[in-house]
Each structure stands twice: as structure tokens, then as C-alpha cells.
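Okay, structure first, notes after.
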Amino acid sequence: MSNSYRAAVCTALTGPNSIRVEEKKAEPLQAGQVRIAINAAGLNFPDLLMTYGKYQFRPDPPFIPGLEVAGEVMEVAPDVTAFSTGDRVMGGSKGNGFAQQIVLPDTAVRPLPSALSFAEGACWHGAAITAWHALNDKAMLQQDESILILGASGGVGMAAVKLAKHKGAVVIATGSSEEKREALRGAGADHSLDPADTELAAKVKALTGGKGVDVVFDPVGGELAITATRSISWGGRYLIVGFASGEIPSFPANHALIKGYSLIGLRAGESARRDPELAERSERALRNLAEQAVMQPHISHSFALDDATDALKVLEQRAVIGRAVINMTL
């Protein structure tokens, strides 16, 4: 095993331009740890936010971004029995993924399903667990119900599109360009609409026979959130997933009262930490879904490790459709 490896390091909280590719020393394994040779690392919006110091987890520079990876096991600590050298795996942590190798606790490592490539495995779990927790645990989306998915061309949004179709729902998805809307139709959306359309709420209502959608999945926030409340059905469920727009909406309480809809916040990771039984049930369900390639990621961009700055900039420019990855073999 090499005593050093290359990694993309955030050297200051000034954004993607602060990234430098450096040599790092490989540290010995501690109990319960697994060393993985990374084949691919998925890019997530929090990776970008962390380079500005704007994410809820705020590491001090220097640090290595990268929340999700997939690759092959290089080495395991003597007490680790669940994995062996050469196993194909995927895993996640709060960072350190933009590198040629990573050390993770064995509890943060999962077998890579045969239905997923390394690149897909590096993009799968984070989006999939958010979509699953939202549509299954929180909204309890049923077959033949309708759902409006905002920001649907993003990684989490597209996972929600695919899971909602898997559950048998009627899916209305928003994408800000024709290219994105075409990709959403390819992912299974029954209808794809422009979020900037001033008639968006009316069009959603028309597509549901005037009823409105049963569920809204919103990772965007801002003014679009208020527009979406005008398209929700009586007794509907509004899922607050995030605020990719950068604006936190103020929902009119009287409107929720009059239409009888519920505003539901969700944090998949925190829910799992607080409820181990829920976490175990979710992981079983996700393993089954992964083996079926449900929520298989759409990957629009692939970058070399040396191009990590460009990768984060493409994410910042909202040019990614689905997911982007850093591929260590490029």
C-alpha cells in the first residue's frame, strides 16, 4: 500500500477557487476502520457550500470535501469482519471523499449493489435516503396519488421522481430548461413544467383535474414554494426538503388552515440518528431498491480529480442534470 495519496483540499473558505490538489499521508487504521481505494466521488451541494463556510457542518480549512464515495476495499482493521480486501463498496462521511483513498468506520460502508456502477454508487445513497424518507415515512405517498416535485433535475429531485414513479404516483416535475425537462421525462415524469411559468399553479391544477396535487416535494424554497402551495389539494402534504434557492419561504398559516394541508419538515440523516429502528428499516428498504436499480442516478458530468475546482463550479452554475462525479480513473 502506498504511504501517500492525492486529494483535492479546500485551503480557504472562498469557494471552489480555493481547491488545491495535494499529496496526503496515509495514516494507520484504527479499530473498526476500513480503507477504500476510491473509484468515484459524488458531488453534492453541501460540498460547494462547505468551501464557502456556509453549510451547517463547517470544517476549518484545510479540509477535503466529498460526502459520498464508491470503490474497492484496500485494507481492514483486524476487528472488522464485514468486509475484506477487494470488496466493491460505497460509503459516506462528512468529508474526505475528493481523494484517491478514504478511511471510514465499517458502519459507514455498504456493499456496492451489482446493479450500480462505481459512479452510480457514489451518487446513490444520499439522494435515495432523502427521497425515501420524504415519500415513504413522511408523506406516505400512495399509488395513483399526484406529486409536484420542485427542483426535479437535481440529484435529490430526480431520485424523488424515480421513487414516486416506482410507487405508482402521477409525477409532475419542474425543470428550468428544455434539456432538463426532457431529462425528467426520460426519468419517468408524467409531466414536466417550467418553474418560471407565471401560470405554473394553474397548469398543475389543470393536470390534476382541478384538484391540485396530493404532495409537494420542495428542495428549492423561495417564491417558488409559495407558488406551489397554490397548487396543493385540500388536505395535501407539503414536504420541506431544503432551500437550494438560498431563500427560506414564509408560509401563510391562514392558507394552510383554509386548505387543510400539512407542512412537513424532514431531515433524513437526523431522523435515522434519533430512531435506530427507523434507520434499520430504511437501510433494508434501500438495499432492496438499490438491487433493483430504483433511483439509478442520472450522471451528466464526470471530472478528473485535478478538475475538482471546475466540478464544483459546474455545480454552482446549476448546469448539472441529476448528478456529477469525480472519477479517479480519469
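Is the C-alpha gyration tensor of the range 161-214 telling us rounded, prolate or oblate? Criteria: a/c under 1.5 is rounded; beyond that, a/b larger than b/c is prolate, otherwise oblate.
Taking the square roots of the gyration eigenvalues as a ≥ b ≥ c, the range 161-214 is oblate.
Work out the FRET efficiency for Ser302 and Lys259 from their Cβ-Cβ distance, taking R0 = 25 Å, and round it to the nearest 0.05.
Efficiency at R0 = 25 Å is approximately 0.05.
Counting only DSSP beta bridges with both residues in the range 206-330, what percent are antiparallel, rounded to the nearest 5?
0
Any idea of Ile19's accessible area? Nearest 10 Å², probe 1.4 Å.
Its accessible surface works out to 10 Å², give or take rounding.
Please identify every one of the GluC sites (Glu not before Pro) in the range 130-203 that sits in a loop by DSSP and has no more than 12 other beta carbons within 10 Å of its own beta carbon.
Passing sites in the range 130-203 are Glu199.
Rounded, prolate or oblate for the range 106-213? Axes are the square roots of the Cα gyration tensor eigenvalues, ordered a ≥ b ≥ c, and the cut-off for rounded is a/c under 1.5.
Since a/c reaches 1.5 and a/b is larger than b/c, the shape of the range 106-213 is classed as prolate.
Taking the Cα centroid of the range 274-330 and of the range 138-181, what is the distance between the two, rounded to the nearest whole Å?
17
Which pairs, out of Lys162/Lys313; Lys94/Lys205; Lys259/Lys313; Lys24/Lys54, put more than 29 Å between their alpha-carbon atoms?
Long pairs (Cα-Cα over 29 Å): Lys94/Lys205; Lys259/Lys313.
Determine the calculated [θ] at 222 nm for the chain from helices alone, applying -39500 (n - 2.57) to every DSSP H run no shorter than 4 residues and normalising by the residue count; nearest 500 deg cm²/dmol.
-8500 deg cm²/dmol
Could you state the orientation-averaged shadow area of the convex hull built on the Cα atoms of the range 1-149, in nm² to one decimal?
Result: a mean projected hull area of 10.8 nm².
Over all directions, what mean area does the Cα convex hull of the range 28-105 project, stated in square nanometres?
5.2
Hey, for a label at Arg20 modelled as a point 7 Å past Cα toward Cβ, could you say which residues of the range 302-330 have their backbone N under 20 Å away?
Only 305-313 fall inside the zone, counting backbone N under 20 Å.
Mind grabbing the accessible area of Glu75 for me, 1.4 Å probe, Å², rounded to tens?
60
What share of the DSSP beta bridges in the chain is antiparallel, in percent to the nearest 5?
Around 60 percent of the beta bridges assigned by DSSP in the chain are antiparallel ones.
Enumerate the residues in the range 51-83 having an amide nitrogen under 13 Å from the point lying 7 Å beyond the Cα of Thr329 toward its Cβ.
Taking a point 7 Å out along Cα→Cβ of Thr329, the residues of the range 51-83 whose backbone N falls under 13 Å are 70-72.
Pull out a ≥ b ≥ c, the square roots of the eigenvalues of the alpha-carbon gyration tensor of the range 153-274, then state rounded if a/c is under 1.5, prolate if not and a/b is larger than b/c, and oblate in the remaining case.
Rounded is the answer for the range 153-274, as its axis ratio a/c remains below 1.5.
With a 1.4 Å probe and all protein chains left in place, how much of the accessible area of the chain comes from carbon and sulfur atoms, in whole percent?
Using a 1.4 Å probe with all protein chains present, the chain comes out at 49 percent carbon and sulfur.
Averaged per residue, what accessible area in Å² does the range 256-330 show with a 1.4 Å probe, protein chains only?
Value returned for the range 256-330: 53 Å² of accessible area per residue.
The values are calculated or read from the model by the stated rules, or taken from the named source; none is laboratory data. Quantities reported herein were computed from a predicted structural model and do not represent experimental measurements. When we count neighbours, we look across all protein chains shown, and the Cβ atoms used for this are built from the backbone with ideal geometry, even at glycine. Calculation scope for accessible area: heavy atoms of the full protein, side chains included, ligands and nucleic acids excluded. Shrake-Rupley method; radii C 1.70, N 1.55, O 1.52, S 1.80 Å.
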